[in-house]
Each structure stands twice: as C-alpha cells, then as structure tokens.
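The values are calculated or read from the model by the stated rules, or taken from the named source; none is laboratory data. All figures in this text were calculated on a predicted structure; none of them were measured in a lab. Cβ: placed from backbone, ideal geometry, glycine included. Neighbour counts: every protein chain shown. Side chains included, ligands, DNA and RNA excluded: accessible areas come from the protein's heavy atoms. Shrake-Rupley method; radii C 1.70, N 1.55, O 1.52, S 1.80 Å.
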Number of protein chains: 2
Amino acid sequence: MERADDAALDLLFREARTHSKWLEKPVPDALLRQAYELARMGPTSGNCQPLRILFVTSAEAKKKFEPCLSEGNRAKTMAAPATAIFAMDMEFYELMPRLFHDPTARSWFAGKPAAIEETAFRNSTLQAAYFMLACRSLGLDCGPMSGFDKQKTDAVFFSGTTWRSNFICNIGYGDKSALHPRNPRLDFAESCKIA
Amino acid sequence: MERADDAALDLLFREARTHSKWLEKPVPDALLRQAYELARMGPTSGNCQPLRILFVTSAEAKKKFEPCLSEGNRAKTMAAPATAIFAMDMEFYELMPRLFHDPTARSWFAGKPAAIEETAFRNSTLQAAYFMLACRSLGLDCGPMSGFDKQKTDAVFFSGTTWRSNFICNIGYGDKSALHPRNPRLDFAESCKIA
C-alpha cells in the first residue's frame, strides 16, 4: 500500500474532532484492547514503552475520579463511556533488558532522575498520541484534557505504585451535533522551515 | 466510515517500522507539507500548537547538524533524505488569542515558566507523534531519535529565536531489507488496567 486512502485520512486527521458530548453507546473493553494493540507498535526511544493506562469506566471509579477533575472537565468526563488516564511508569527502565537489544539500556536511567523524567514524559506522551489515533482508526472519538489534579489522581489511583499521571482522555462515540466550529490551525509557513 | 481498513492499520501501526537505512528516493518538500497539514489537525491543549519543525535537507544544513548528533545516530542521519528537528516555541502562548476562543488563555502561561515548559513539551510531543503517523499514512518511513545534543542544536539552528529542540526524526523511504526483527511490545495486561 503506497498511502492511506482519503477516507482513512479523514477519519484519523481531517474530520476527527475533540468531543465533549457523548452518544449513549458503550465502548466495549475489547475495543480499548484493540486500540492499545495498535498503539503499542509505535516507536519509543530504546523501545522503552513507559506508557501505562488506567481506563476509568465503572461508576465506582468515576466517583473516585470526579474530585480530581477541574470544574470545566467534570460533567463531560462523568458522562463519557470511558476515560483513559495516561500514566507513565517511572521505573520503565527495569523492563528494558527484556524490551531492547542493548544490555546496557537499564544503566542509561537507573539512578538518573532527570533522564527518567524526560524519557518517561516524552515517550508516554508519544504513545498516548498513538493510542488516540488508534482509537480514531477504530471509529472511536477522543476528548483529551490536561485540566485535572495530577497529585490527587496519583494519590487516588496510583498510591504505592511507580505509575504517575500525564494527561487524560475521554473516549466514546461523540455527538457531532454538539460540536463547535473547529479552531484555526497554524499554516506550514508559520510552523515549519526547510533548511 | 466506521473504521479504517486493515491496509491502513498495517501502514500506520502494524507493519510500520523505525528505519535506519534509506532508499535512494528523494522526499519532495510538498510531501512534508502534506504530512504537516494532516498532523496539524490533531488535538492540543487549548489548541496551543507549540510544535515547530525544522526540516534539515540540504548538504549545508546537514553539515551544520552533524556534530550535534550522537555518534550512533550520525551516519544514518547524514544518509536520510530529510531530518525533522521537532522543536517547541517557548512563546506559543502569544498566539493563543488567535488560536483559542477563551481570551484569558494567554494569561495561563505568560510569566509561568513551569506551565510553559510542561505544556510546550507535552503538546509538541503529541504533535510530533501525529506528524510521524501522518508521514506513514502518506507512505513515508520514519526513524525517530533522541540521541543528539539539544543545547548544541539550539545554538546552531535556533539562536535568537524562541524555538527549542525536543527530539528528531529521519524521514524517507526505508530499506526494508536492512530491518532487524521487531523488538517486543508490552501486553495489554502489563500496561493497562480497567477500573
């Protein structure tokens, strides 16, 4: 295949929108798993794969999550079929001997908090982007947000673990009738240079 | 369209690989522009769009870039048709009055270096991931890397500007015959939980 067809480009990029209102249509766990299984194929530095995802779907987990959300993100998140908490494993490097062919990879990070932080943040964010585009490729809609209390979220869900939250994303089937016009995007000439 | 077809999922995720060897086939500037025009549609926090890209393509720019690269990334980068330096505009918030409907958006960042840093890093990384998948959707191959000297790169290319480098990515048509077997990926059960 030389390139994706226009229908796929529309689905992933051109016509995909950030949603805040959700149709009454559940998201099967199997579909979240399929999205992860596509997203995990994307590249990370030294194949380090620091992304961890907690899917908040049950009424009980939603109730625990609600006070962690900024006010403007609360109602739409409570109404979403699922919310992904994109987290990063701050001990991701412990798995690198299994994930990467270079046996010294663990030593690039162990005991080096700045390198751990930068690599976990950059690569979990990359993987979260792959995951959101994978969701879209499966017909799901996304509503990513960074308006939430990370410390509170970590205390509620990740206490006693090495997971730390990065950002969050509602997942479901968006109600297109509730969309506002799309915000403008920067032109190539404003954002890019060729040297 | 309900979901992308298998050919598109293969192209973007399942069969796409990180490449280090490149076919002798140039990458037209127009294709880099098309990839940007797809990628820019992806979501960012408050539509802040901090990503900036310098495409290193000319012999002269490559020569300036060469000493910024870690030794293991030098030969493959010099041989690549193009290298994207994914950068972030540390004054991205100056454009928010034009990009986002909330007129207070600029004030969330102006004079707040920690908020600027986190938002620029997270969102430029998201946009770089969208860009890499957009490249793949157009039939291009990518080889992302973080092994380079960011300070030196900023001094060489971004001196006197508000752009700062994040990570880099070779772009071209990969030589599939030079690929090693794919490194393992983490299973859903290792990386994800449903609550």
Candidate set: the stretch A:1-57, residues that are surrounded by 21 or more Cβ atoms within 10 Å (Cβ to Cβ) and among the charged types (D, E, K, R); chosen: the one farthest from B:D141 (Cα to Cα): A:R52
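So that you can scan it fast, the table gives a plain yes or no per residue for (1) closer than 26 Å to B:N123 by Cβ; (2) under 16 Å from the mean Cα position of the chain (by Cα):
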position	(1), (2)
B:L12	yes, yes
B:R17	no, yes
B:M41	yes, yes
B:T44	yes, yes
B:Q49	yes, yes
B:K62	no, no
B:C68	yes, no
Test: residue in the stretch B:59-66 that is under 23 Å from A:T44 (Cα atoms) and either more than 10 Å from every other protein chain (Cβ to nearest Cβ) or in contact (Cβ under 8 Å) with a residue 24 or more places away in the chain (or both): yes
Candidate set from the stretch A:16-35 (those that are of a type outside the set (S, T, N, Q) and in contact with a Leu (Cβ under 9 Å, 6 or more places away or on another chain)); member that is farthest from the other protein chains (Cβ to nearest Cβ): A:K21
Filter result (part of a loop (DSSP other than H, G, I, E, B), in contact with a helix residue (DSSP H, G or I) (Cβ under 6 Å, 6 or more places away or on another chain) and closer than 24 Å to B:D10 by Cβ) within the stretch A:129-186: A:L138
Qualifying positions in the stretch B:155-164 - more than 12 Å from every other protein chain (Cβ to nearest Cβ) and touching a residue at least 12 places away in the same chain (Cβ under 8 Å): B:T162, B:R164
Hits in the stretch B:106-128 (condition: surrounded by fewer than 18 Cβ atoms within 10 Å (Cβ to Cβ) and farther than 27 Å from A:F131 by Cα): B:R106, B:S107, B:W108, B:A110, B:G111, B:K112, B:P113
Boolean, B:S70 is more than 24 Å from A:M41 (Cα to Cα), free of Cβ contacts under 8 Å to residues at least 40 places away in the same chain and open to solvent by less than 70 Å² (accessible area, probe 1.4 Å): no
Those residues of the stretch B:16-36 which are among the charged types (D, E, K, R) and in contact (Cβ under 8 Å) with a residue 60 or more places away in the chain, in sequence order: B:R17, B:K21, B:K25
Only listed residue being open to solvent by 20 Å² or more (accessible area, probe 1.4 Å) and touching a Gly at 6+ places or on another chain (Cβ under 9 Å), chosen from A:F100, A:F148, A:F131: A:F100
Some residue of the stretch B:79-87 being in a loop (DSSP other than H, G, I, E, B) and over 25 Å from A:G143 (Cβ atoms): yes
Residue match in the stretch B:80-89 (condition: of a type outside the set (S, T, Y), away from chain A (no Cβ under 11 Å) and more than 30 Å from A:R17 (Cα to Cα)): yes
Number of the exception - A:F131 against (1) within 30 Å of B:A7 (Cβ to Cβ); (2) without any contact (Cβ under 8 Å) to a residue 24 or more places away in the chain; (3) more than 9 Å from chain B (Cβ to nearest Cβ): (2)
Residue within the stretch B:113-120 that is outside any helix (DSSP H, G or I) and at negative phi present: no
Of all residues making up the stretch B:88-102, the number that are charged (D, E, K, R) and part of a helix (DSSP H, G or I): 2
Every residue from the stretch A:135-145 that is within 16 Å of A:I85 (Cα to Cα) and open to solvent by less than 30 Å² (accessible area, probe 1.4 Å): A:C135, A:D141, A:C142, A:G143, A:M145
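For every residue, the table says whether it meets (1) within 28 Å of A:R52 (Cα to Cα); (2) within 10 Å of another protein chain (Cβ to nearest Cβ); (3) in contact (Cβ under 8 Å) with a residue 60 or more places away in the chain; (4) touching a Lys or Arg at 6+ places or on another chain (Cβ under 8 Å).
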position	(1), (2), (3), (4)
B:Y93	no, no, no, yes
B:T119	yes, yes, yes, no
B:L138	no, yes, yes, yes
B:K152	no, no, yes, no
Flag for B:P184 being modelled with pLDDT of 95 or more, touching a Cys at 6+ places or on another chain (Cβ under 6 Å), at the interface with chain A (Cβ under 8 Å from one of its Cβ atoms) and open to solvent by 10 Å² or more (accessible area, probe 1.4 Å): no
